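K.L.:
Dropping the structure in here first, questions after.
The values are calculated or read from the model by the stated rules, or taken from the named source; none is laboratory data. None of these values were measured; they are calculated from a predicted model. Because the Cβ atoms are built from the backbone with ideal geometry, glycine has one as well, and the counts that use them run over all protein chains shown.
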Amino acid sequence: MSMHEFLHKDDKEVSLTFGKGLSVIMAFEGRNRDLSISEIAERVGVNRAVTRRLVRTLEQLGFVSRDRGRYQLTPRVLRLTRGFLEARSIPQVVQPVLRNTSQEIGESVSFAMLDGEEAVYVAHAFVPRRFSLNMVTVGSRVPLAPTAIGRAILGFLDDEERSALLARMDLTAYTPNTKVERIALEDILGEIRRTGYCLSEAEYVEGVNSLAVPVIGQGGRVAGAISIIFPQDHYTEAGLREDLASKLHACAAHVGSVF
């Protein structure tokens, strides 16, 4: 479903055209590097004539460029994220904290925040020549229920927000490795609140484990989560609990201080 379809169309203060324009930008998510008008129209869910006007407007504003009838985003779209990143001190504070922790533990460290029913990575400190996944980059997204970083966020949401999120989720729509049962997930989230961390063992990606801890902001609300990924059986349970989890908690405390 495209972004503009979520709008309350009976709200007189809402611009449906603006929503459709944002949906055009969102159509380039993932591997959709360049698209034709027809492909964009299909993804946005509007006719070709409307799509062409939206795309031409974005082209004149410099957000997309055209080459032989196909369009792609330009670096100007990064202006849309600059305010978000800098207002939360992500380049100035969060990124250096993640980098220091990754060097200390020898693993790539990621920070993700809640966006709807997904977690979106907003900062990542990569350690060369260490295990990593191509899917973990700034801007990439993962579902909440089957992932350690998602569960660490879910577990520390306030009860009302967590219940509302869980009620909207289709918990069967995940990878073949993960079929999440609602009752079991509630138990998992309770254990995460008790221990303060989440260990996911090869649930989302086969052969890959993940350890995550919540990032709690200054107001006491969960701001996101910090996580690492590593091959299954790479660490002992004691090593994860007593060493890595404590170091991730220290990292999360530093990150949480700017939220």
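K.L.:
Say whether the condition of being within 30 Å of Ser89 (Cβ to Cβ), surrounded by fewer than 22 Cβ atoms within 10 Å (Cβ to Cβ) and either touching a strand residue (DSSP E or B) at 6+ places or on another chain (Cβ under 9 Å) or assigned by TED's automatic domain parsing to the domain that holds Gln92 (or both) is met by at least one residue in region 226-233.
P.N.:
yes
K.L.:
If we only count helices (runs of 4 or more DSSP H) wholly inside region 1-100, which ones have 1 or more residues that are acidic (Asp, Glu)?
P.N.:
Once the helices (runs of 4 or more DSSP H) in region 1-100 are filtered for at least 1 residues that are acidic (Asp, Glu), what remains is 37-44, 48-61, 79-87.
K.L.:
With respect to the numbered conditions (1) polar (S, T, N, Q); (2) assigned to a helix (DSSP H, G or I); (3) touching a residue at least 40 places away in the same chain (Cβ under 8 Å), which one is the sole condition not fulfilled by Ser110?
P.N.:
(2)
K.L.:
A further question on this structure: Can you run down the residue pairs with Cβ atoms below 8 Å, 6 or more apart or on separate chains, where the first is in region 65-85 and in the same structural domain as Phe28 (by TED's automatic domain parsing) and the partner is at pLDDT 95 or above and acidic (Asp, Glu)?
P.N.:
Close Cβ pairs (under 8 Å, with a partner that is at pLDDT 95 or above and acidic (Asp, Glu)) amount to Ser65/Glu59; Arg66/Glu59; Tyr71/Glu59.
K.L.:
Quick check: anything in region 28-42 touching a His at 6+ places or on another chain (Cβ under 8 Å) and either small (Gly, Ala, Ser) or modelled with pLDDT under 90 (or both)?
P.N.:
No - not one qualifying residue is present in region 28-42.
K.L.:
Now, a different point. When you check Val142 against the structure, is it within 13 Å of the chain's Cα centre (by Cα) and at pLDDT below 85, yes or no?
P.N.:
Spelling it out, it is not the case that Val142 is within 13 Å of the chain's Cα centre (by Cα) and at pLDDT below 85.
K.L.:
From Gly106, Gly116, Gly69, which residue is more than 30 Å from Leu189 (Cα to Cα), surrounded by fewer than 20 Cβ atoms within 10 Å (Cβ to Cβ) and at pLDDT below 95?
P.N.:
Gly69
K.L.:
May I ask you to list the residues in region 236-252 that are free of Cβ contacts under 8 Å to residues at least 12 places away in the same chain and either surrounded by 14 or more Cβ atoms within 10 Å (Cβ to Cβ) or of a type outside the set (Asp, Glu) (or both)?
P.N.:
Passing the criteria: Thr236, Ala238, Gly239, Ser246.
K.L.:
Which of the residues spanning region 2-27 are at pLDDT below 85, touching a helix residue (DSSP H, G or I) at 6+ places or on another chain (Cβ under 9 Å) and of a type outside the set (A, V, I, L, M)?
P.N.:
Answer for region 2-27, where residues must be at pLDDT below 85, touching a helix residue (DSSP H, G or I) at 6+ places or on another chain (Cβ under 9 Å) and of a type outside the set (A, V, I, L, M): Ser2, His4, Glu5, Phe6, Lys9.
K.L.:
Report every pair of residues separated by at least 6 positions or lying on different chains whose Cβ atoms are under 8 Å apart, first residue within region 87-104 and in the same structural domain as Ser246 (by TED's automatic domain parsing), second among the small types (Gly, Ala, Ser) and in a helix (DSSP H, G or I).
P.N.:
Thr101/Ala250
K.L.:
Within region 40-66, work out how many residues are polar (S, T, N, Q), within 19 Å of Leu16 (Cβ to Cβ) and surrounded by fewer than 13 Cβ atoms within 10 Å (Cβ to Cβ).
P.N.:
Selection size over region 40-66: 1.
K.L.:
Moving on. Residue check: is Val122 farther than 18 Å from Ile228 by Cα, surrounded by 13 or more Cβ atoms within 10 Å (Cβ to Cβ) and assigned by TED's automatic domain parsing to the domain that holds Leu166?
P.N.:
No; evaluated as a whole, the condition is false for this residue.
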